[in-house]
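The values are calculated or read from the model by the stated rules, or taken from the named source; none is laboratory data. The structure displayed is predicted, hence computed values, not measured ones. FYI the Cβ positions are ideal-geometry reconstructions off the backbone, even for glycines, and counts take in every protein chain you see. All accessible areas refer to the heavy atoms of the entire protein, side chains included, with ligands and DNA or RNA removed. Shrake-Rupley method; radii C 1.70, N 1.55, O 1.52, S 1.80 Å.
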Amino acid sequence: MSAAKLPELPLGFRAAGAACGIKSVADRLDLALFVSDLPATAAGVFTQNRVVGAPVKVSRGRVPRLSARGVVINSGNSNACTGERGVTDAEWMTATVADLIGYDAEDILVCSTGVIGRFLPRHKLEAGLPKVAAILQPTAESFNAAARGMMTTDTVAKQVSKTITLGGRQVTLAGACKGAAMIAPNMATMIAVLMTDAALPPALADRLLRDAVKLSFNAISVDGHTSTSDTVLLLANGASGASVDSAGDIDTFRDALTEVCQQLSQAIIRDAEGANHIVTVDISGLRTDEEALEIARTIADGILVKCALTGNDPNWGRIVSAAGYTSVCFEESDVSLWVNGVPLYEAGTPVAFDESDVSRRMATGEIHIDLRFTLGEAKARMWTSDLTQEYVRLNSEYTT
């Protein structure tokens, strides 16, 4: 069997990954660098945690902009809760990279991911940053190395590339992300760099990115824990000669960007720490999108729900009761539930079903929770994972 083809970078982008010893495992990649050969529009969406990493503070202050040239990322140390020294270190990282590749420091964005509360080891970065800058290439292999340099507890690199046509020109969208735990709606312990060779004005890039994130990175949950370092960045350099101008082009680009973000966010769920199941939660028939989303999030984060899913247990009472402790007003008769296509509860009444059959369907590793109400047309979708003993082990030993 031939190896899967690696995703390609858009035109005018280069990438690299390298090791500088931040991680405890020798020679494990812990630096990633993405560079645009042309000035690029940049937009970003960041964590909503009140406690934020220093790189979030620096990058958040630099977007949206028209002249971005790159993103530097270190893994193994989040540079969070590190005070003024942390901000100084993050700014130093951008200035060092800017000097190495010949651009302005303000046009370099920065991300860090890993353990909270430890100062960046500058001496290691002083050796590593020149190394990663020296091996920048526009190749799929370099893109993959950069994706691996972002990883913390991830077990696989997460990358996507998609080609569309705008105004008769071929346009590529590509992205890499990391994340496996501390994943909650309103961003998660994840970092994503999205790139395109289409041209976008800053205000439109910001709007389209937020639209895509709402339906992807803000629609996943592993453990309900919103991190300090969450960052999604979009760079658009126009190297293809295509612009996103007309209403039709905007819709086409939005759909493609959303698809790329959803593929990356679902890759996070599939790689969730210790997970054996990927779970799709569909909520429909509510009065407002906010009501539907609240119920979807509550079910996705429900510890007892997750435990039942771990054991392939069709314990539908945990799902229905989770909806009941939200702030959404409804009657039991308004609710029906299907799991993997099998009705378990209809209009407030239990349905006879073959528990062994449903359990076997759940054991495939793909679980679809379909909770339907009769109160309106609003709906929401989220993706989550189960909760295993391995997740507990990994997170009980994370720093020790």
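Of the residues making up region 347-355, not a single one is in a loop (DSSP other than H, G, I, E, B), crowded, with 19+ Cβ neighbours inside 10 Å and not polar (S, T, N, Q).
What number of residues within region 203-217 are under 21 Å from A68 (Cα atoms) and under 12 Å from the mean Cα position of the chain (by Cα)? Of the residues in region 203-217, 2 are under 21 Å from A68 (Cα atoms) and under 12 Å from the mean Cα position of the chain (by Cα). Residue count for region 113-149 satisfying the condition of being outside any helix (DSSP H, G or I) and touching a Lys or Arg at 6+ places or on another chain (Cβ under 9 Å): 8. Once region 101-127 is narrowed to residues that are at pLDDT 95 or above and basic (K, R), the residue that is surrounded by the fewest Cβ atoms within 10 Å (Cβ to Cβ) is R122.
Residues in region 280-317 that are aliphatic (A, V, I, L, M) and in contact with a helix residue (DSSP H, G or I) (Cβ under 6 Å, 6 or more places away or on another chain) were compared, and the one that is most open to solvent (accessible area, probe 1.4 Å) is L304. Of all the numbered requirements in (1) without any contact (Cβ under 8 Å) to a residue 60 or more places away in the chain; (2) closer than 22 Å to S216 by Cα, G102 misses one, and that requirement is (2).
Restricting L309, L375 to those that are closer than 25 Å to S216 by Cβ and not basic (K, R) reduces the list to L309.
Looking only at residues in region 318-335 that are open to solvent by less than 20 Å² (accessible area, probe 1.4 Å) and under 12 Å from F373 (Cα atoms), the one that is nearest to the chain's Cα centre (by Cα) is A323.
Cβ-Cβ contacts under 7 Å between residues 6 or more apart (or on different chains), taken from a first residue in region 359-381 that is outside any loop (DSSP other than H, G, I, E, B) to a second residue that is open to solvent by 100 Å² or more (accessible area, probe 1.4 Å) and of a type outside the set (S, T, N, Q), are listed as A378/R287. Looking across region 382-397 at every residue that is crowded, with 18+ Cβ neighbours inside 10 Å and assigned to a loop (DSSP other than H, G, I, E, B), the one that is modelled with the highest pLDDT is identified as D386. Counting only residues that are closer than 15 Å to G76 by Cβ and open to solvent by 10 Å² or more (accessible area, probe 1.4 Å), region 128-153 holds 4 of them.
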